[in-house]
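Notes follow once the structure below has been shown.
The values are calculated or read from the model by the stated rules, or taken from the named source; none is laboratory data. As the structure is a prediction and not an experimental result, all values here were calculated from the model. Ideal geometry is used to build each Cβ from the backbone, glycine not excepted, and the neighbour counts take in all protein chains shown.
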Amino acid sequence: MSTATPEQILKQLKWRYATKRFDPTRKISPRDWEALEEVLVLTPSSYGAQPWKFIVVTDPAAKEKLVSFSWGQRQVADCSHLVVFTIRKNIDGNHVDSYIKRIVEVRGGSHEALARFREAIIGDVIEGPRSKMVNEWATHQVYIALGNFMTSAALLGIDTCPMEGFEPEKYDDALGLAAFNLGSVVACCAGYRHSGDKYAGLPKVRFPKEEVILKIGESD
């Protein structure tokens with residue numbers, strides 16, 4: 001069932017941009033933020049394994065401290081909510097077992113019925129060839145969450161700015177992530193653009209559709 005038209009979706013995606021200046025006086029409403037948290041929770045992932053944790057920072061002092069680890073970018077301090085997208089480092093069988101347990105809680109059934117599914121995950125990500133790059137695998141999953149978050153925010157009229165321009169190790173230290181075996185990957189500021197942000201009205205620069213989309217199987 002469609003709840004938005006193609007025109008509405010494209011309008012909001014053309015409206016959004018990587019916001020350079022946020023209005024520090026404007027905050028995201030609890031209702032909208034609750035929806036965006038649910039968006040993060042609902043993000044799809046390989047096997048549905050969710051090898052991530054999303055750190056939400058709203059404390060002004062904490063955000064201000066992170067500016068110095070973000071190449072001085074003020075978006076971090078001035079936004080309403082800062083989300084740090086982290087991976088669960090070196091996930092193991094315990095994480096998989098927690099996921100299997102959750103499936104049983106939500107869908108019913110038994111652990112025994114999911115044994116082959118568990119073995120498939122273990123044989124691939126935990127013990128298979130991909131185990132040597134499990135953190136890279138998890139990092140790829142995190143970017144799915146980032147895209148989902150930004151698009152959903154745009155549909156709500158909320159501005160965002162994705163950021164790789166920060167020092168992950170120093171973020172980890174400042175937020176105490178080592179204690180949870182988490183590692184920062186990317187951050188995203190969310191809030192509302194400042195009226196003086198000169199970048200807000202600039203036209204988007206994208207290659208023509210014909211140069212970035214290759215259609216296979218369609219007749220001329």
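Points to keep in mind about this one:
- Long-range neighbours under 7 Å by Cβ, at least six apart or interchain, first residue at pLDDT 95 or above within segment 128-153, second surrounded by fewer than 16 Cβ atoms within 10 Å (Cβ to Cβ) and part of a helix (DSSP H, G or I): W137/R130
- Taking helices (runs of 4 or more DSSP H) as the structural unit, those lying wholly within segment 1-103 and holding at least 3 residues that are more than 28 Å from G201 (Cα to Cα) and within 20 Å of the chain's Cα centre (by Cα) correspond to 30-41.
- Count of residues meeting criterion [under 22 Å from S70 (Cα atoms) and surrounded by fewer than 20 Cβ atoms within 10 Å (Cβ to Cβ)] in segment 145-162: 2
- Checked against (1) more than 30 Å from H194 (Cα to Cα); (2) in a loop (DSSP other than H, G, I, E, B); (3) within 19 Å of the chain's Cα centre (by Cα), G109 meets all criteria but (3).
- Test: residue in segment 185-205 that is without any contact (Cβ under 8 Å) to a residue 24 or more places away in the chain and touching a strand residue (DSSP E or B) at 6+ places or on another chain (Cβ under 9 Å): no
- Listed by first and then second residue, the pairs with beta-carbon distance under 6 Å, at least 6 apart or on different chains, first residue in segment 107-126 and within 22 Å of K89 (Cβ to Cβ), second modelled with pLDDT under 95, are D124/R130.
- Any pair with Cβ under 7 angstrom, 6 or more apart, that starts in segment 26-43 at a residue that is free of Cβ contacts under 8 Å to residues at least 60 places away in the same chain and ends at one that is in a loop (DSSP other than H, G, I, E, B) and of a type in the set (V, I, T): none
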